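Accompanying notes for the structure given below.
The values are calculated or read from the model by the stated rules, or taken from the named source; none is laboratory data. None of the values given here were measured: they were computed from a predicted structure. All Cβ positions, glycine included, derive from the backbone under ideal geometry; neighbour counts span all protein chains shown. These area figures cover heavy atoms from the full protein model, side chains too; ligands, DNA and RNA do not enter into them. Shrake-Rupley method; radii C 1.70, N 1.55, O 1.52, S 1.80 Å.
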Amino acid sequence: MNIKKIFILIFIVSIIGLTIVQYQYLKIGLNLAQVQFNQKMGLVVNEIKLGLEQPNQLTFLVGKAITNDNTYFKLSIDSVQDASKYFMHDFLKDKLLQQGIKTDFTYIIYARDSTDYLKFPQSYGNDDSLLRYPIPLEGYLPNLVEKGLILELQFKNLHKYFLFQLNVLTIPSIIFLLAICAVIFWALRFFYWQRNLITTTNEFINNLTHELKTPVFSIGVATKILQDKTGGEHEEIIHIIRDQVNKLKNQIDKVLELASIESKKNFIKKSVLDFKPFLLKLINDFEQLARLENIEFVAEVQGENYILNCECAHLENAISSILENAKKYISKKNAKICFSAYKENNHLIIKIKDNGIGISEKDIPKIFEKYFRVSSGDVHNVKGYGLGLNYVKKIINFHKGKIIVHSKLHEGSEFIISLPLKVNGK
Ligand code: ADP
């Protein structure tokens, strides 16, 4: 499983985990709301008991209604009962509101022998999910009917009521969770879109470079034929053409090499060998070039042999690219390039130091990026495509090595490569 899939998996698991945690919090919240509701109901029950214990306007009216006595009022007994039902409902509602309970309810007053005395018109029937609070009445009303009376408060859909109370927490949690998902999905879409764009651009550049190979080869052959035919005439012009064709060929090869490393189609084969002779030859060639350009070149190669598991040609190319850059980005006066190679902690260390134009601090992290070129100052004078160091980095990574850069603008740069040595052929 690749790293991207692992990240997506971690993200999905985290979102599911977060949802479960939120759900558990919601359940705990609901339980707490229920406990709090019960505590409030305890207070309400006491208040109701006290309110109905003594004779007062309400208990007097209810008393008349439950004893079917309309002698006091000039009204039918039905009207007295209706009025008392609504007054009682308002009394209960008021007591509930005093404790902050604002939900639908109904009530019934019945005797212990199951005779119903007063029933609010709105009835919830015999639903099992009903929450019932039976309140045994004392004092005036039970004395009136000479029976134990119970006032039962009934609540329905309390979960909805609790959820509504918790909405302050649940709705923002859901919104934030959805926002996280939306942002991550957007980022992933953007990432895949960008990856497709990079792949398409790379494919286009690689195809174009391939197409350029044939004309470049033909120009090379034609120049050779022209040189033979003219027999030394126009040598200078032919030399320029050959020079430029060679440069173009080198750049095309670099692009194609990079493409082959990136696609891994062209499997690079490593073999265990002593890299030191190759390194010495490379230094020797470079020394001659440096002498031609009046650059002081100091090389120090320590240690008997450098046994590496490597692809020799690519590794040579990579080191040459750094040396080439040291030559390209040199300052005009007292140009000096130092090369050193030695063994340290089972690693081959190669250092290439120049006193050239240097690289600014902000550009150092970018120089290994494909197509990156420092875009200011004298660097414009030097031609290039920003492929060299990207190639170097890929080759060093392919050899499980490391490359770091120390550089200061106008003072110079030092590239340090570290490659694991093969110890006892292992
Ligand atoms: P190119 O040389 O083709 O531009 P590279 O990938 O080799 O591409 O280098 C990337 C950039 O890093 C160059 O454009 C240059 O600005 C900077 N650079 C590389 N080597 C050196 C160096 N030795 N001294 C100063 N700048 C360097």
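Viscosity 0.692 mPa s, temperature 37 °C: give me the Stokes-Einstein translational D for region 100-181 in µm²/s, with Rh taken as the Kirkwood radius over C-alpha pairs.
212
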In nm, spacing of pseudo-spin labels at ASN56 and ASP116 (7 Å Cα→C-beta vector): 2.7
Just the accessible area for LEU141, please: 1.4 Å probe, Å², rounded to the nearest 10? 0
Return the carbon/sulfur percentage of the accessible area of region 262-322, one whole number, probe 1.4 Å, all protein chains in place. 49
If you wrap the chain's Cα atoms in a convex hull and average its projection over all directions, what's the area in nm²? 39.2
At a 1.4 Å probe radius, carbon and sulfur cover how many percent of the accessible area of region 1-58? 68
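Placing +1 at every Lys and Arg Cβ and -1 at every Asp and Glu Cβ, with all other atoms neutral, what dipole size does region 267-355 have around its Cα centre, in debye to the nearest 20?
Taking the Cα centre of region 267-355 as origin, the dipole is about 260 debye.
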Find which of LEU158, ALA33, ILE180 sits farthest along the positive direction of the dipole of the chain, computed with +1 on the beta-carbon of Lys and Arg, -1 on that of Asp and Glu, about the Cα centre. ILE180
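Under DSSP H, which helices of the chain have Cα atoms covering 27 Å or more of the helix axis and a Kyte-Doolittle average no less than -1.0?
Membrane-span-like by this rule: 3-53, 77-98, 158-230, 235-263.
Give me the percent relative contact order of the chain, please, defined on Cα pairs under 8 angstrom at least 6 residues apart.
Relative CO of the chain lands at 10 percent.
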Over region 254-340, give the accessible area per residue in Å² for a 1.4 Å probe, as an integer. 56
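Taking region 195-299, which GluC sites (Glu not before Pro) meet the DSSP loop condition and have no more than 15 other C-beta atoms within 10 Å?
Here the GluC sites (Glu not before Pro) that fit, given the DSSP loop and packing criteria, are GLU233, GLU293.
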Can you show me the helix-derived [θ] at 222 nm for the chain, built from DSSP H runs with n ≥ 4 at -39,500 (n - 2.57) apiece and divided by the number of residues, rounded to the nearest 500. -19500 deg cm²/dmol
Between ASP82 and GLU361, with labels modelled 7 Å along Cα→Cβ, what's the label distance in nm to one decimal, could you check? 8.9
Potential lengthening between ILE404 and GLU203 on full extension [0.36 nm per residue; Cα-Cα distance subtracted]: 69.4 nm
Name the most mobile residue of LEU151, LEU75, LEU258, meaning the one with the largest mean-square fluctuation, in a Gaussian network model of the chain with Cα contacts below 10 Å. LEU75
Heavy-atom surface of region 379-421, accessible at 1.4 Å and reported per residue (Å²): 51
Treat every Asp and Glu Cβ in region 56-202 as -1 and every Lys and Arg Cβ as +1, leave all other atoms uncharged, and give the resulting dipole magnitude about the Cα centre to the nearest 20 debye. 760
In whole Å, what is the distance between the alpha-carbon centres of region 123-178 and region 72-98? 20
Let's see if you can work this out: charge +1 on each Lys and Arg Cβ, -1 on each Asp and Glu Cβ, no other charges. What is the dipole magnitude of the chain about its Cα centre, in debye to the nearest 20? 1080
For region 23-153, what ratio Rg/Rh do Cα atoms give with a Kirkwood hydrodynamic radius? 1.02
Taking R0 as 45 Å, what's the FRET efficiency between GLU138 and ILE174 from their Cβ-Cβ distance, rounded to 0.05? 0.40
May I ask which residue of LEU421, PHE120, PHE372 lies farthest towards the positive end of the charge dipole of the chain, with charges of +1 (Lys, Arg) and -1 (Asp, Glu) on Cβ and the Cα centre as origin? LEU421
Per residue, how much accessible surface does region 129-231 expose to a 1.4 Å probe? Answer in Å², no decimals. 69
Could you work out how much longer the chain between LEU32 and ILE219 gets when fully extended? Use 0.36 nm per residue separation minus the Cα distance between them, nm to one decimal. 58.8 nm
Dipole axis of the chain (+1 Lys, Arg; -1 Asp, Glu on Cβ), positive-most option in PHE191, ILE15, ALA222: ALA222
